[in-house]
Structure formats: C-alpha cells, structure tokens
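A.B. asks: After the structure tokens below, expect a handful of questions from me.
The values are calculated or read from the model by the stated rules, or taken from the named source; none is laboratory data. Computed from a prediction, not measured in an experiment: that's the story for all the values here. All Cβ positions, glycine included, derive from the backbone under ideal geometry; neighbour counts span all protein chains shown.
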C-alpha cells in the first residue's frame, strides 16, 4: 500500500498525539503539490491506509465535536 510506511512511522513515533488528515498527507508526500489533483491522490492513498489500520484496531478515529468543522483526528492505539 502506498504511503503506509510513512503514515505508520509517524503515528507510531507519537502514540498519544492526535493527527489530522492534513498532517499525515503533508508528512507522507514530503513535497509541494503542483496542483489539487496530486494532493487529492495522496489524500485518498493515506485514507486507504488509515481505514486499513482502523479495521485492524491499530488506529483510533475520533470524529469532531458537533458544531465544529468536520475534522476527524486519528491516534495510534497504545
């Protein structure tokens, strides 16, 4: 799976920290994006990795509070 190593390395290094999708995408890509299409492709790949890790119980997803922008955070399960 593309970007799986980058996502797991970052989250495992900081197990108690909440990560937004944007943090994970920026770390996985490590480059400036030329256009929106490239950024969306990386975001979809990172999303696939996160869904896989959530299904195995390694990562916990916490949705945002009601009334706040819809930003979920992801945390490595300790």
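A.B. asks: Would you please list the contacts, defined by Cβ atoms under 6 Å and residues six or more apart or on different chains, that run from a residue in region 14-38 that is within 19 Å of residue 50 (Cα to Cα) to a residue that is at pLDDT below 90?
C.D. replies: 15/78; 20/71
A.B. asks: Considering only residues that are under 11 Å from residue 74 (Cα atoms) and under 10 Å from the mean Cα position of the chain (by Cα), which ones fall in region 8-17?
C.D. replies: The answer is 11, and nothing else.
A.B. asks: Looking at region 55-66, I want the residues that are modelled with pLDDT of 85 or more and have a partner that is surrounded by 10 or more Cβ atoms within 10 Å (Cβ to Cβ) and assigned to a helix (DSSP H, G or I) with Cβ atoms under 6 Å, at least 6 apart or on another chain. Which pairs are those?
C.D. replies: Short answer, once both residue conditions are applied: 59/53; 61/54.
The rows are residues; the columns are (1) on the phi > 0 side of the Ramachandran plot; (2) under 10 Å from the mean Cα position of the chain (by Cα); (3) surrounded by 14 or more Cβ atoms within 10 Å (Cβ to Cβ).
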position: 23; (1), (2), (3): no, yes, yes
position: 31; (1), (2), (3): no, no, no
position: 39; (1), (2), (3): no, no, yes
position: 63; (1), (2), (3): no, no, no
position: 70; (1), (2), (3): no, no, no
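A.B. asks: State whether the residues of region 11-21 include one that is in contact with a strand residue (DSSP E or B) (Cβ under 7 Å, 6 or more places away or on another chain), modelled with pLDDT of 95 or more, surrounded by 14 or more Cβ atoms within 10 Å (Cβ to Cβ) and assigned to a strand (DSSP E or B).
C.D. replies: Yes, region 11-21 contains at least one residue that is in contact with a strand residue (DSSP E or B) (Cβ under 7 Å, 6 or more places away or on another chain), modelled with pLDDT of 95 or more, surrounded by 14 or more Cβ atoms within 10 Å (Cβ to Cβ) and assigned to a strand (DSSP E or B).
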